[in-house]
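Written below as structure tokens is the structure these notes are about.
The values are calculated or read from the model by the stated rules, or taken from the named source; none is laboratory data. Quantities reported herein were computed from a predicted structural model and do not represent experimental measurements. Counting neighbours? That spans all protein chains shown, and the Cβs are built from the backbone with ideal geometry, glycine included. Each accessible area value is taken on the protein alone, full model and side chains, heavy atoms only, with ligands, DNA and RNA left out. Shrake-Rupley method; radii C 1.70, N 1.55, O 1.52, S 1.80 Å.
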Amino acid sequence: QVQLVESGGGLVQPGGSLRVSCAASGSVWSINTMGWYRQAPGKQRELVATITSGGVTNYADSVKGRFTISRDNTKNAVYLQMNSLSPEDTAVYYCSADRVLSSTGLYLDIWGQGTLVTVSR
């Protein structure tokens, strides 16, 4: 089965930077859109950023100018560079992939387990 595995979360001070990564396992042939979502305590999961297979990006207004999403199609991976972090960015960050085609079939969407990012002194 195809899986998404996030890494890179941890504790960072306000104003600092952190880079989280996500890689798809299995024999992946193609993925349409990959993205990052986050869920803060007591809040619903929200969109952070997405990137298409062609490199077209989309960002939530709250992270524009601070976060950068990138993708490596060869490695079936997506990354999120987070700069100028604030406590409000504290959340579990989830990786997503839409329309994943692998040797085992077509998966409409896949979600990772999430990685915790804590912004605090």
If you go through segment 17-29 one residue at a time, do you hit one that is over 12 Å from the mean Cα position of the chain (by Cα), among the β-branched types (Val, Ile, Thr) and surrounded by fewer than 17 Cβ atoms within 10 Å (Cβ to Cβ)? no
The number of residues in segment 62-77 that are β-branched (Val, Ile, Thr), open to solvent by less than 40 Å² (accessible area, probe 1.4 Å) and either on the phi > 0 side of the Ramachandran plot or out of contact with any Ser or Thr (no Cβ under 7 Å at 6 or more places or on another chain) (or both) is 1
Checked segment 37-57 for anything within 20 Å of GLN113 (Cβ to Cβ), open to solvent by less than 70 Å² (accessible area, probe 1.4 Å) and of a type outside the set (D, E, K, R); matches are TYR37, GLN39, ALA40, LEU47, VAL48, ALA49, THR50
Over segment 99-121, the set of residues open to solvent by 60 Å² or more (accessible area, probe 1.4 Å) and either under 16 Å from LEU18 (Cβ atoms) or of a type in the set (D, E, K, R) (or both) is ARG99, ASP109, LEU116, ARG121
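Quick grid of which residues meet (1) among the hydrophobic types (A, V, I, L, M, F, W, C); (2) out of contact with any helix residue (DSSP H, G or I) (no Cβ under 6 Å at 6 or more places or on another chain); (3) farther than 21 Å from TYR107 by Cα; (4) modelled with pLDDT of 95 or more:
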position: LEU4; (1), (2), (3), (4): yes, yes, no, yes
position: GLY9; (1), (2), (3), (4): no, yes, yes, yes
position: VAL12; (1), (2), (3), (4): yes, yes, yes, yes
position: GLY15; (1), (2), (3), (4): no, yes, yes, yes
position: ALA40; (1), (2), (3), (4): yes, yes, yes, yes
position: THR57; (1), (2), (3), (4): no, yes, yes, yes
Exercise for review: Using the structure shown, decide if THR50 is under 28 Å from GLN1 (Cβ atoms) and of a type outside the set (A, V, I, L, M).
Suggested key: yes
